[in-house]
Amino acid sequence: MSTILVTGGAGYIGSHACKALAAAGHEPVTYDNLSRGHPEAVRWGPLETGDLLDRSRLDAVLRRYRPRAVMHFAAFAYVGESVRDPGLYWRNNVGGSLTLLEAMHAAGMERLVFSSTCAVYGEPPAMPITESMPLAPVNPYGVTKRVVEQMISDCAHAHGLRAIALRYFNAAGADPEGETGEHHEPETHLLPLVLEAIRDPSRPVTVFGRDYPTPDGSCVRDYIHVTDLARAHVLALDALEGGTGFAACNLGTGRGHSVLEVIEAARRVTGKPPAVRDGERRPGDPPRLVADTGSARERLGWRPEYPAVDDMIAHAWAWLNRQA
Ligand code: UDP
């Protein structure tokens, strides 16, 4: 059993990762400032409340637990907010990650799994997206993730850090056993908003554009079950044991679903039609983002266990109804 420090372990993907770590026999120690995370989501190991920018607190936690590796989720992740307030994103995402890397180096720690995003690609030249495509993010959120990847890569060269950045496509769903799930405030993601629109017809979901060059005119995304993401992090830890240097892996299913297909799937799974209205395109939304998943398969031995969007919806729906 190894102790793993999980920054952002009180958040959506971080809490699922803690569950996956515990199931694999590790002890997850959550380090979270609770600015956006939820203490009740920390159920599989201790919670150490602290900010990534607080170096002395971070040092004290590293000294206390002597973790074998870090899984680094803690970050702000709203594209729109990052456009309005880029300083917040640079300070928290980049400054926080730099502090973490320095603290890890000082403590002699050399294993890191980093929570990255397909937003590092911006509007890629071809589909599906491979890891070798140009990194050209189109918003400050994606820029901060790209910059942190570069910092990690530099540290791998300079002092032997071993690291894997996992570039998520569209995280969706909830723990199939109902022990944790999604809870963003405010919620901006499609799937939870569709489910809210089913529960409360006075809050219709808006389709952001129906005039894209896609089969039904709405945007296509690669939705990936959060439990599959969590499992990929544990496999990445295993891969770090034998590996060196820095690598990046896409995490998606390799299949795209349009906004209208997600809405139809939600109707099918819940038996109720969501209230829907049409809206303008959301600035910065590329028409289609789908992962090439070959690298995650080969490097991590990872394959999604819940590739069907219907399962993501069913698990998210069960979670939502449990919160009521
Ligand atoms: N979307 C939408 N209405 C919403 C939220 C999202 O039509 O209220 C669309 C959005 O344009 C994108 C897809 O759903 O094509 C997924 O958006 P989300 O914000 O969930 O994730 P993103 O792709 O931005 O990471």
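Throughout, read-outs are computed from the coordinates displayed, never taken from laboratory work. Just so you know, these numbers come straight off a predicted model, no measurement behind them. For neighbour counting, all protein chains shown are included, and Cβ atoms are generated from backbone atoms with ideal geometry for every residue, glycine included.
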As a Kirkwood estimate from alpha-carbon pairs, segment 150-286 has a hydrodynamic radius in angstrom of 17.2
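Find the relative contact order for segment 12-92 and round it to a whole percent, using C-alpha pairs within less than 8 Å whose residues are 6+ positions apart.
23
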Per the 1/(1 + (r/R0)^6) rule, R0 = 25 Å and r from the Cβ atoms of Arg84 and Ser35, FRET efficiency to 0.05 is 0.90
Checking segment 143-232 for GluC sites (Glu not before Pro) in a loop per DSSP with at most 11 other beta-carbon atoms within 10 Å yields Glu177
Contact order relative to length for segment 134-236, counting C-alpha pairs under 8 Å separated by 6 or more residues, stands in percent at 27
Dividing the mean separation of Cα pairs under 8 Å (6+ apart) by the residue count of segment 202-274 yields a relative contact order in percent of 36
Here the gain from full extension of Thr130 to Ala158, 0.36 nm per residue of separation minus their alpha-carbon distance, amounts to 7.5 nm
Gyration tensor (Cα only) of segment 1-67 to equivalent ellipsoid, semi-axes in Å sorted down, yields 18, 15, 7
With the convex hull built on the alpha-carbon atoms of the chain, volume per residue in Å³ sits at 120
Segment 107-136 and segment 1-59 have their Cα centres apart by a whole-number Å value of 23
With a Förster distance of 22 angstrom and the Cβ-Cβ distance between Gln323 and Arg268, calculated FRET efficiency to the nearest 0.05 equals 0.50
Within the chain, the percent of DSSP beta bridges that are antiparallel, given to the nearest 5, stands at 5
